[in-house]
Structure formats: C-alpha cells, structure tokens
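Colleague: Below you will find the structure I want to go over with you.
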Amino acid sequence: MEPKIVAPSEGETLLVLGDRQRIVLGAHDSEGSVLVLEQYNEPGVGVPLHVHTREDEIWHVIEGEVLFTVGSERRVAKAGTTVFGPRGVPHATMVVGDSPARVLLTVLPGHLEQMFRELSELGVASSPEAAITVCERYGISFVEEVS
C-alpha cells in the first residue's frame, strides 16, 4: 500500500439512488481493508432498513442531523456524533431537520465500492427490484420494502 492524501475536491463522486457520495479512500487504496465515503444529502434522503452480512459500518456526522436506526435503537445524531453498525444488525439512515447533512462513512472491510458504482449506474429512477438484486450480490438484504 502507498500513503495517500485526499483533498476535498478529489475522489470519485457518485449518486447512489439519490444518496450523494464521494469515495475518499477506496478499497483499491487499502488492499480492500477499508472504504471511506463522504455523503452530502438534503433532508429526506436516506437508506431503508437493511442488513450487511460482510461489513461493519461507522458513520460520523460532520454537519446536519441524521436519524439512525441501528438494531433496536433509534436516535437523531447531530454533528459530532459517531454511530457503529456491526454486520448482521439491521440499520437505516434518514437526513432530518432543515439543512443538508454531511457524513463520513467508513466501511470495513472495503469491498462495497463496486456495488455503489453499480447502484449509481442504475440511476435514481430505477426499480427497487433492480437495486435489491445488486445489493443481494454483495450480501445485503432489505428488512422492509424499498420504495
């Protein structure tokens, strides 16, 4: 592995089913050990309840407010809050409040980079079934219906 410094204007930007993401540090940069994404979204944008079988996720809210559901806990996280979602535990996110939210998401190990690209290629208006099919190939299942 080589060291890497990523400026705010660098990295690959994706629109993943309405979720704006920037790949800050890709799996290819870390030999698959980590994926770091910056998410910047308007109120109302979120990801429905789902479960990862292969990855743990860590969110750090930088700006705004995000409603997290992780297991049986449901809480609005404000700037400065860190949330851990271990694999196997259902979780969901939703930007709430009156302003956009900026979140740093760390995925361990970092093998979801290609899934996010595939979902981005589907486009925002794609069918829920198409998104579910892509996610299932990466060991992710949705707990409630995706709309």
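The values are calculated or read from the model by the stated rules, or taken from the named source; none is laboratory data. Fair warning: this is a prediction, and the values are worked out from it, not measured in the lab. Positions of Cβ are backbone-derived with ideal geometry, glycine not excepted, and every protein chain shown enters the neighbour counts. Accessible surface areas use protein heavy atoms only, side chains included; no ligands, DNA or RNA. Shrake-Rupley method; radii C 1.70, N 1.55, O 1.52, S 1.80 Å.
Colleague: Can you name the condition, by its number, that Thr69 falls short on among (1) surrounded by fewer than 16 Cβ atoms within 10 Å (Cβ to Cβ); (2) over 13 Å from the mean Cα position of the chain (by Cα); (3) not aliphatic (A, V, I, L, M)?
Modeller: Failed condition: (1).
Colleague: Still on this structure: Taking the residues in the range 54-66 that are touching a residue at least 40 places away in the same chain (Cβ under 8 Å) and β-branched (Val, Ile, Thr) as candidates, determine which candidate is surrounded by the most Cβ atoms within 10 Å (Cβ to Cβ).
Modeller: Our first condition is that a residue be touching a residue at least 40 places away in the same chain (Cβ under 8 Å); within the range 54-66, this holds for 54-62.
Next, from what is left, pick out any that are β-branched (Val, Ile, Thr): 58, 61-62.
On the way: Ile58: 16, Val61: 22, Ile62: 15.
Going through the qualifying residues, I end up with Val61.
Colleague: Can you give me the number of residues within the range 110-143 that are part of a helix (DSSP H, G or I), in contact (Cβ under 8 Å) with a residue 40 or more places away in the chain and open to solvent by less than 50 Å² (accessible area, probe 1.4 Å)?
Modeller: Residues flagged as part of a helix (DSSP H, G or I), in contact (Cβ under 8 Å) with a residue 40 or more places away in the chain and open to solvent by less than 50 Å² (accessible area, probe 1.4 Å) within the range 110-143 amount to 6.
Colleague: With respect to His28, is the statement that it is part of a strand (DSSP E or B) and either of a type outside the set (Lys, Arg) or within 15 Å of Leu104 (Cβ to Cβ) (or both) true? Please lay out each step first, then the result.
Modeller: On the way: part of a strand (DSSP E or B): no; either of a type outside the set (Lys, Arg) or within 15 Å of Leu104 (Cβ to Cβ) (or both): yes.
Taking the combined requirement at face value, the residue does not satisfy it.
Colleague: Arg87 is checked against (1) touching a Lys or Arg at 6+ places or on another chain (Cβ under 9 Å); (2) in contact (Cβ under 8 Å) with a residue 40 or more places away in the chain and fails just one. What number does that condition carry?
Modeller: Failed condition: (2).
Colleague: Still on this structure, I have one more. Do the conditions hold for Ala27, that is, is it among the small types (Gly, Ala, Ser) and closer than 19 Å to Ser120 by Cα? First the steps, then the outcome.
Modeller: Details: among the small types (Gly, Ala, Ser): yes; closer than 19 Å to Ser120 by Cα: yes.
Criteria met by Ala27.
Colleague: Considering Val76, Val36, Val51, which residue is buried (at least 19 other Cβ atoms within 10 Å of the Cβ) and either touching a residue at least 60 places away in the same chain (Cβ under 8 Å) or in a strand (DSSP E or B) (or both)? Break it down into steps so the answer makes sense when it comes.
Modeller: On the way: Val76 fails: buried (at least 19 other Cβ atoms within 10 Å of the Cβ); Val51 fails: buried (at least 19 other Cβ atoms within 10 Å of the Cβ).
Residue meeting the stated conditions: Val36.
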